[in-house]
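The values are calculated or read from the model by the stated rules, or taken from the named source; none is laboratory data. What you see is a predicted model, and the numbers here were worked out from it, not measured in a lab. Using ideal geometry, Cβ is built from the backbone for each residue, glycine included, and neighbour counts are taken over all protein chains shown.
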Amino acid sequence: MNDILTAESNIVVIDKDHARRTLYVSFLEPARVQTTGNYKEGLRMLKRSAIDLVIVRVMLSQESSHRFLRALGKLGKKIPCLALFPGSESIHDMLATASWGVTDFLFLPLNWEEVSLRVKWHLIHSMSNSP
């Protein structure tokens, strides 16, 4: 993945699971990865910095997930958002999140090879859309 991920890549990971956040930092090296388990802190990170990709664990049954996704959509920035959903979410509900700013999604548990492909795709796509 190092051919696409560089020290210039800025990624925010929002996931309450500390172990998974730690895995992301290692997995996405050498990118600059900011992590948090809190949606409000994640929004602050997104507002403060130029971010290439946000990866967020979403529970549609929790209102905090809804608020975060709606706030993400209202930021006015075109930040690709890879949402991680438990297998129990319906595809219909997941697709509805596209209007809130989600650009892609994966089911948990994660297949790290698929994560690698999705991250690369989003970074290539965001680079091709930069001025």
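Just give me the residues in segment 73-117 being among the aliphatic types (A, V, I, L, M), in a helix (DSSP H, G or I) and within 18 Å of residue 21 (Cβ to Cβ), in sequence order. The answer is 115, and nothing else. Summed over segment 37-67, residues that are of a type outside the set (Asp, Glu) and over 23 Å from residue 120 (Cβ atoms) total 16.
In a residue-by-residue description of segment 8-16, the property of being loosely packed, with under 13 Cβ neighbours inside 10 Å and of a type outside the set (D, E, K, R) applies to no position.
Do the conditions hold for residue 5, that is, is it modelled with pLDDT under 90, touching an Asp or Glu at 6+ places or on another chain (Cβ under 9 Å), surrounded by 19 or more Cβ atoms within 10 Å (Cβ to Cβ) and not in a helix (DSSP H, G or I)? So residue 5 fits the description; yes.
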